[in-house]
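What follows is a set of notes on a single structure, which appears directly below.
The values are calculated or read from the model by the stated rules, or taken from the named source; none is laboratory data. Just so it is clear, the model here is predicted, and its values are computed rather than measured. Every residue, glycine among them, receives a Cβ derived from its backbone with ideal geometry; neighbour counts consider all protein chains shown.
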Amino acid sequence: MSKDTRLVYSTDPKLNVKCERCKELESECTCEAEVEVKSYKFVAILRIEKQSRGGKTVSVIDRLPKNEIFLKKLTTLLKKKCGSGGTYLMDGKDGIIEIQGDKREMIRKILLSEGIQSKG
């Protein structure tokens, strides 16, 4: 197969494997390889923000590895355990998780159970 052709259809299951992140065929995937998070040494920073949020309190976990799969799993776990909404962001060089409400103590315990050090 030359480089300038694109696979349209095949019955071979090995050629029809799709990437989980971009949903393209493995041969055409342009995603960057994810680095294992366990190899990083990091300390998560916890803080509370009210500014620019309409008076609502938000717990922010900053300085996390910028790994989308890791952030998504950790955000889902924190949202379920805290019983509130939240999101993750990949701004700049670090990952950020925002959980609605002042849930610092619960977040600290959850991060400790996951083996993640935290300050703040």
Please go through the range 85-109 and pick out each residue that is buried (at least 18 other Cβ atoms within 10 Å of the Cβ) and of a type in the set (A, V, I, L, M). ILE96, ILE97, ILE99, ILE107
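Quick one: is LYS66 at pLDDT below 95, in a loop (DSSP other than H, G, I, E, B) and surrounded by 15 or more Cβ atoms within 10 Å (Cβ to Cβ)? Even if it seems obvious, please write down each step before you answer.
Working: at pLDDT below 95: yes; in a loop (DSSP other than H, G, I, E, B): yes; surrounded by 15 or more Cβ atoms within 10 Å (Cβ to Cβ): yes.
Considered against the rule, which asks whether it is at pLDDT below 95, in a loop (DSSP other than H, G, I, E, B) and surrounded by 15 or more Cβ atoms within 10 Å (Cβ to Cβ), LYS66 comes out as yes.
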Residues of the range 78-98 satisfying the condition of being of a type outside the set (S, T, N, Q) and over 18 Å from VAL43 (Cα atoms): LYS79, LYS80, LYS81, CYS82, GLY83, GLY85, GLY86
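Any idea which residue in the range 95-120 is nearest to the chain's Cα centre (by Cα), counting only those that are part of a strand (DSSP E or B) and among the charged types (D, E, K, R)? I'd like the intermediate steps shown before the answer.
Initial filter on the range 95-120 (part of a strand (DSSP E or B)): 95-101, 117-119.
Still in the running and among the charged types (D, E, K, R): 98, 119.
Details: GLU98: 11, LYS119: 20 Å.
Looking at residues that are part of a strand (DSSP E or B) and among the charged types (D, E, K, R), I get GLU98.
Going by the structure shown, is THR87 β-branched (Val, Ile, Thr) and in contact with a strand residue (DSSP E or B) (Cβ under 8 Å, 6 or more places away or on another chain)?
Details: β-branched (Val, Ile, Thr): yes; in contact with a strand residue (DSSP E or B) (Cβ under 8 Å, 6 or more places away or on another chain): yes.
Yes, satisfied.
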